[in-house]
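All remarks here apply to the structure that follows.
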Amino acid sequence: MKTLKRALSLVLALSISVGLLAGLSITASAKGDAAIVAGGENYTEAQRAIVETALAYHNRGAYVQYDSEVLTVQGKYAGDGADLRETDFTSPEDATAADTMFSVCSAYCFEVYYDAFKYQLLGDPLKNKTNNLCAIPADDPMCVVKYDSTGQDTGSKVYTDKEAALKAAQAALQPGDIIVGYGKSGHAMLYIGDYKNDGTKYIAHCWGKKYDMTAGTDAIETAKNANGGAVKIEDAIKACFQKGGTWSLLDDSHATRFVILRPLNVLRSSQMTASAKARLKYPGINIDRTTSLNRYQAVEPNGEIAVKITIENCSDQAYANLPVTEIIPSGAALKDGSITGGGSASGNQITWTLNVDPGKTVTVGYTVNATGKRGDTINLEGGNVGGIRSNAVSVIISGKQLTSAQVQSLQGLAKSKDQLQGLGYSADAFVSAVYQTVLGIDPKLPTLNDLATKAYTRTKLEGADVQMLVKNTSVDSSFAVQNAMLVPLYHGGTLVKTGGNGHARVLAFNGDHLLPGDVLLRGNNIFSGRSAKIESYISLGNGKMAYLDNDRLKTSDAKTILTKNFIFDFFVLLRPTQAYNDITAEAKSVKLPFTDVKS
């Protein structure tokens, strides 16, 4: 990594010192430069857009994780990926610590082109596998060089001599090309050229360890040459075109077929997205926008949500007067005196003008109060840094949360391991009984079967191999309370269609998504005619969940439990406080025989 020796000018130094006095936080970057260096390869505008977008994903670090386990869990695939948990990741900034982005090698190439040009390779991310990319015919406009020793492509432009094909492929490489090899397994890599101006030709690619389904842990990676995360940068020639290279195309296990694809052959600079154009103006800007509540949590009426925007300059140039904008959403009001970093508010907009030196970060922020009613959603979106859109977070307004005394009683469940033996509680009845016993309330929790039949509709989706559950836009009034308990975006399973924008992503299950008293329901065989397997858990609010196992109450790590949602046909997260302004108003009599839990 280059050592940055650029000194701040007197004017910039003065502006930063003034910013510090105004509450502006400026620190050194831990990641260093990751943008096209001045004087490097002679990139076209379209090539620059692709490379800067590719590096933007790299700069997200460990927020971008490699995934080959979850996407193929138990071999359950619907034709259109309807079995996957989908969320709207449409740019690098959408990958955050609270919402880790999962990707694989070909999906990464897809995302770069989608973010920069709204171009979908093969029309769909799930079709964009290495095997399918290698199957693109040699006479396709995107195909530059193709080698195939398997006879699957017999076109006149196909190389059958590997040495000649490798020589032609290396000579033809241009920034933005996708290198795809397929043998016993496949790998796709994005060629980004000599962006560092150090004489090395680089590839950017997504690879790493699998998500640990058993332990329920992210495979946080450490790159050898840069910051942690699944998107790696390495020498393209050594890796792909030399013997012994990590992804050597000389090795038949890596490449009985390989292809150099050039999507820029079918794209024009005029098709660039606004985000890509902004990255050309401010390359190397890495935005980390965080909120005190994530999209799966909730805010009480009149409660606070703090927003913090950390802007890192990963380039080798200083940025003066970098514009930063945040929008105050409906259902929220700016808290007086909460703006930090010297910003100013006008109407529903906050603006800052910042100076950020190479390798430094600047942090600004503000706080809003929830002014809407229970059930409303506050959409914290519309912010940008220099025109680069920052991630959006939606927070629902709930009723009053459990009191500290109620949470303390709930956590006392761990002491009651043997007091349910022989009582025959079902999974559904268990969590309702916990509420009535420990909290003295009956929130009228629905069963999983009720949710599947009243809040969802079974349908046959085009291209899917099985019938799927699709969330109803409205439900019968008799089920409105139970439907209101569903935590937005926190439902899914291998039989549930949860998205549809073409961006298939897997939800990263974290214990901090839960609030005390949240209830997880999940099951298999619900509609198969076989004996249904239903499981239910209640969050204790300390990173643990309680559940019933053969009449014995047990507790376990929340993340370990949540991760296994992936293997169930259907799961939902319920939050009773979303259905009531004050859940304690639903007080009922004690139901369970606990003697050592304060009710």
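Those strands (runs of 3 or more DSSP E) of the stretch 476-573 in which at least 2 residues are closer than 21 Å to V299 by Cβ and at pLDDT below 90, considering only elements entirely within it, cover 486-492. For the stretch 249-259, the set of residues classified as assigned to a loop (DSSP other than H, G, I, E, B) and under 20 Å from C143 (Cα atoms) consists of L249, L250, H254, A255, T256, listed by residue number.
Of all residues in the stretch 365-398, those satisfying the criterion of being more than 23 Å from I339 (Cβ to Cβ) and either free of Cβ contacts under 8 Å to residues at least 12 places away in the same chain or crowded, with 21+ Cβ neighbours inside 10 Å (or both) are I396, S398.
Taken as a whole, the stretch 215-228 holds no residue that is at pLDDT 95 or above and part of a loop (DSSP other than H, G, I, E, B). Pairs linking a residue in the stretch 343-364 that is on the phi > 0 side of the Ramachandran plot to a residue that is of a type outside the set (D, E), with Cβ atoms under 7 Å and 6 or more positions apart or on different chains, are G359/L4; G359/A28; G359/S29; G359/G32; G359/N313. Between A230, A274, the distinction of being open to solvent by less than 50 Å² (accessible area, probe 1.4 Å) and either farther than 29 Å from K184 by Cα or aliphatic (A, V, I, L, M) (or both) belongs to A230 only. In the stretch 58-66, is there at least one residue being at pLDDT 50 or above, over 16 Å from D288 (Cα atoms) and either surrounded by fewer than 24 Cβ atoms within 10 Å (Cβ to Cβ) or in contact with a Phe, Trp or Tyr (Cβ under 7 Å, 6 or more places away or on another chain) (or both)? Within the stretch 58-66 (the criterion being at pLDDT 50 or above, over 16 Å from D288 (Cα atoms) and either surrounded by fewer than 24 Cβ atoms within 10 Å (Cβ to Cβ) or in contact with a Phe, Trp or Tyr (Cβ under 7 Å, 6 or more places away or on another chain) (or both)), the answer is yes, since at least one residue qualifies. Considering only the stretch 427-475, state which residues are in contact with a helix residue (DSSP H, G or I) (Cβ under 9 Å, 6 or more places away or on another chain), in a helix (DSSP H, G or I) and at pLDDT 90 or above. Matches in the stretch 427-475: L448, N449, D450, L451, K454. Residues of the stretch 120-149 that are acidic (D, E) and over 26 Å from A171 (Cβ atoms): D124 alone. If you go through the stretch 143-169 and keep only what is in contact with a helix residue (DSSP H, G or I) (Cβ under 8 Å, 6 or more places away or on another chain) and assigned to a helix (DSSP H, G or I), you end up with nothing. Of all residues in the stretch 293-310, which are closer than 21 Å to V362 by Cβ and either open to solvent by less than 30 Å² (accessible area, probe 1.4 Å) or modelled with pLDDT under 95 (or both)? If the condition is that a residue be closer than 21 Å to V362 by Cβ and either open to solvent by less than 30 Å² (accessible area, probe 1.4 Å) or modelled with pLDDT under 95 (or both), then V307, I309 are the ones that fit. Within the stretch 249-266, being surrounded by fewer than 20 Cβ atoms within 10 Å (Cβ to Cβ) and either at positive phi or modelled with pLDDT under 95 (or both) holds for L250, D251, D252, S253, T256.
Restricting attention to the stretch 311-330, the residues that are crowded, with 18+ Cβ neighbours inside 10 Å and over 23 Å from E52 (Cβ atoms) add up to 3.
Would you tally the residues in the stretch 514-549 being in contact (Cβ under 8 Å) with a residue 60 or more places away in the chain and under 14 Å from D428 (Cα atoms)? Final tally of qualifying residues: 14.
In the stretch 115-126, of all residues being crowded, with 22+ Cβ neighbours inside 10 Å and closer than 12 Å to S275 by Cα, the one that is nearest to the chain's Cα centre (by Cα) corresponds to D115.
The values are calculated or read from the model by the stated rules, or taken from the named source; none is laboratory data. None of the values given here were measured: they were computed from a predicted structure. Counting neighbours? That spans all protein chains shown, and the Cβs are built from the backbone with ideal geometry, glycine included. Surface areas here come from the heavy atoms of the whole protein model, side chains and all, with no ligands, DNA or RNA. Shrake-Rupley method; radii C 1.70, N 1.55, O 1.52, S 1.80 Å.
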